[in-house]
Amino acid sequence: MVTRAQSNMSQTLKRFLADHPGRDLDRGGLALHYLDEGAGEPVVMVHGNPSWSILFRGLIDDLRDSHRVVAIDHIGCGRSAKPDDQAYDYTLESRVDDLELLMDRLGLDSGVTLVVHDWGGMIGMAAAARRPERIARLVVCNTAAFHKPAAKAMPWAIAVCRTRALGGLLVQGLNAFAQGTAMIGCTKNRMSPDVRSAYVSPYDSWDHRRAILRFVQDIPLWPTDRSHQLVSWVESRLEAFRKTPMLILWGMRDFVFDGSFLDEWIRRFPHAQVARFADAGHYLFEDEREAAGTLVRAFLGGSLVTKEPST
């Protein structure tokens, strides 16, 4: 019998759920969902806010015949549990603990290629900084692992969502953050209504949007903010990866992680291979799905993908 929810499900979501059923890890009584597919050298993919593992579906399909591919759904996101604030501490440190626990349980102790996007960069690089011996390669996509560059102003949309008066109404009530990012996150190949529906499907109620709001509220802007110290610690540990092979893929029309963040990555990692996509936005793996996949495969194979002047 087909339920009403199933009959209304987007085709993109149906295919993803059928092709990638995934597994759950018990995280203190909460289900932490993840994908673990294929065999070979491990590739760990870490999403940000407000996406989930569906962001990497094309890359997963590209790699799972040759690599072991692991993709996490953060607590409150995707197919993971969506607890209240009493059952889970929605902070950066908790996210890092979750990722570290998952990698420990899966025995991912070395040879890992870490693929990070959006706030997944901070989560992933914090976990990497705790255990740098795990990491063999890094793929960095429109993200940060350091404090906001001085040249970058806080986007007004995020600033509004952080306000106590409007944040809950906009993010949890109207689902404006997830819906809005799906609308404007692609600037070259706009998401179809079917794909947008798949992206926002986990966030179908006030309670199920709690993580989206908490992610925004947890962005550390001031030394008194709760996660500020951890970000500073990660920033201070990035030197450990100066010689780690790194591929940077960057959508240049990202409304948050713009060229100022890219410049900071290049300044810190002048050895990195860099591919700029002039027409792509925040959701690079939607805008440049085939090109990004081709570059990642070549990078994993040891090829010199691309090298732009690091000026």
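The values are calculated or read from the model by the stated rules, or taken from the named source; none is laboratory data. Values in this document were obtained by computation on a predicted structure and should not be read as measured data. Because the Cβ atoms are built from the backbone with ideal geometry, glycine has one as well, and the counts that use them run over all protein chains shown.
Just one of (1) within 19 Å of PRO245 (Cβ to Cβ); (2) out of contact with any Lys or Arg (no Cβ under 6 Å at 6 or more places or on another chain); (3) among the hydroxyl-bearing types (Ser, Thr, Tyr) trips up TYR88, so point out which.
(1)
Step by step: first the residues of the stretch 22-60, then only those that are over 15 Å from the mean Cα position of the chain (by Cα) and part of a loop (DSSP other than H, G, I, E, B), then the one that is surrounded by the fewest Cβ atoms within 10 Å (Cβ to Cβ). Which residue is that? Please lay out each step first, then the result.
Pass one, the stretch 22-60, residues over 15 Å from the mean Cα position of the chain (by Cα): 22-32, 36-42.
Of the ones still in play, those that are also part of a loop (DSSP other than H, G, I, E, B) are 22, 28-29, 38-41.
Numbers: GLY22: 18, GLY28: 12, GLY29: 9, GLY38: 17, ALA39: 11, GLY40: 14, GLU41: 16.
Among residues in the stretch 22-60 that are over 15 Å from the mean Cα position of the chain (by Cα) and part of a loop (DSSP other than H, G, I, E, B), the one surrounded by the fewest Cβ atoms within 10 Å (Cβ to Cβ) is GLY29.
For the stretch 100-112, does any single residue satisfy the condition of being modelled with pLDDT of 95 or more, more than 13 Å from MET45 (Cβ to Cβ) and buried (at least 20 other Cβ atoms within 10 Å of the Cβ)?
No: zero hits.
Residue check, LEU213 against (1) part of a helix (DSSP H, G or I); (2) touching a residue at least 60 places away in the same chain (Cβ under 8 Å), all met but one. Which one?
Here LEU213 meets the rest and fails (2).
Collect the residues in the stretch 128-168 that are touching a helix residue (DSSP H, G or I) at 6+ places or on another chain (Cβ under 8 Å), without any contact (Cβ under 8 Å) to a residue 40 or more places away in the chain and assigned to a helix (DSSP H, G or I), keeping them in residue-number order.
Hits for the stretch 128-168 are ARG130, ARG134, VAL160, LEU166.
So, in the stretch 89-123, exactly how many residues are part of a loop (DSSP other than H, G, I, E, B) and either among the polar types (S, T, N, Q) or touching a strand residue (DSSP E or B) at 6+ places or on another chain (Cβ under 7 Å) (or both)? Explain how you work it out, then say what you get.
Filtering the stretch 89-123 for residues part of a loop (DSSP other than H, G, I, E, B) gives 89-91, 106-111, 119.
Filter again for either among the polar types (S, T, N, Q) or touching a strand residue (DSSP E or B) at 6+ places or on another chain (Cβ under 7 Å) (or both), leaving 91, 106, 108, 110-111.
Count: 5.
Would you mind finding the one in ARG297, ARG253 that is surrounded by 15 or more Cβ atoms within 10 Å (Cβ to Cβ), in a loop (DSSP other than H, G, I, E, B) and of a type outside the set (Ser, Thr, Tyr)?
Going through ARG297, ARG253 in turn, the sole match is ARG253.
Only one of these is within 20 Å of the chain's Cα centre (by Cα) and either closer than 30 Å to LEU108 by Cα or free of Cβ contacts under 8 Å to residues at least 40 places away in the same chain (or both): VAL171, VAL231. Name it. Working first, answer last.
On the way: VAL171 fails: either closer than 30 Å to LEU108 by Cα or free of Cβ contacts under 8 Å to residues at least 40 places away in the same chain (or both).
Within the list VAL171, VAL231, the selection yields VAL231.
So for the stretch 174-188 (the condition being part of a loop (DSSP other than H, G, I, E, B), surrounded by fewer than 17 Cβ atoms within 10 Å (Cβ to Cβ) and modelled with pLDDT of 95 or more), does at least one residue qualify?
Filtering the stretch 174-188 for residues part of a loop (DSSP other than H, G, I, E, B) gives 174-175, 185-188.
If we keep only those that are surrounded by fewer than 17 Cβ atoms within 10 Å (Cβ to Cβ) too, we end up with 174, 188.
From what's left, modelled with pLDDT of 95 or more: 188.
Scanning the stretch 174-188, I find at least one residue that is part of a loop (DSSP other than H, G, I, E, B), surrounded by fewer than 17 Cβ atoms within 10 Å (Cβ to Cβ) and modelled with pLDDT of 95 or more, so the answer is yes.
Provide a single number: the residues in the stretch 255-311 that are closer than 25 Å to GLU41 by Cβ, modelled with pLDDT of 95 or more and of a type in the set (A, V, I, L, M).
Residues in the stretch 255-311 being closer than 25 Å to GLU41 by Cβ, modelled with pLDDT of 95 or more and of a type in the set (A, V, I, L, M): 10 in total.
Tell me which residues, restricted to the stretch 61-74, are under 22 Å from GLY185 (Cα atoms) and in a loop (DSSP other than H, G, I, E, B).
ASP73, HIS74
Which one is surrounded by the most Cβ atoms within 10 Å (Cβ to Cβ) among residues in the stretch 189-206 that are in contact with a Pro (Cβ under 9 Å, 6 or more places away or on another chain) and assigned to a helix (DSSP H, G or I)?
TYR199
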